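Data first, discussion second: the structure below is written as structure tokens.
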Amino acid sequence: MDALYPAAPRRASRGLRPNCPVAFARARRYVRAMKHEPGIFERRDREAEAAAIARARADVAAGRVHSHEVVKEWLLTWGTPGRLPFKEWLAARDGEG
């Protein structure tokens, strides 16, 4: 861990035990001082979210939705030989393919 965080408190060099309150306080101060950098899932793209919500609402309004039962039936085909993408499976299921 010291290789990744060289400024981290070193217990062995100061003779502190892992459950020592002094070592705990020093480690807590070190962690609190670290700068938080957001991960890839913490960065929000509000424009992209708004566009996706608008597309979804337009699809619902136009009737381009499928029931839970139909999607469940398709998901149960995953892992079986001859699995098809949803649109192809739906066409074959409805006798259009």
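Side notes on the structure shown:
- Filter result for the condition that a residue is part of a loop (DSSP other than H, G, I, E, B) and basic (Lys, Arg), over 64, 57: 64
- Residue within the range 36-45 that is among the small types (Gly, Ala, Ser) and modelled with pLDDT under 90 present: yes
- Beta carbons closer than 8 Å, at least 6 apart along the sequence or on distinct chains, pair a first residue in the range 21-44 that is outside any loop (DSSP other than H, G, I, E, B) with a second that is of a type in the set (Ser, Thr, Tyr) and surrounded by 10 or more Cβ atoms within 10 Å (Cβ to Cβ) for 30/5.
- Within the range 74-92, tally of residues that are part of a helix (DSSP H, G or I) and out of contact with any helix residue (DSSP H, G or I) (no Cβ under 8 Å at 6 or more places or on another chain): 5
- Screening residue 70 on (1) of a type outside the set (S, T, N, Q); (2) outside any loop (DSSP other than H, G, I, E, B); (3) over 28 Å from the mean Cα position of the chain (by Cα) shows it passes everything except condition (3).
The values are calculated or read from the model by the stated rules, or taken from the named source; none is laboratory data. Here the structure is a predicted model, which is why all the values come from computation and not from measurement. Reconstructed Cβ throughout: ideal geometry from the backbone, glycine too, with neighbour counts over all protein chains shown.
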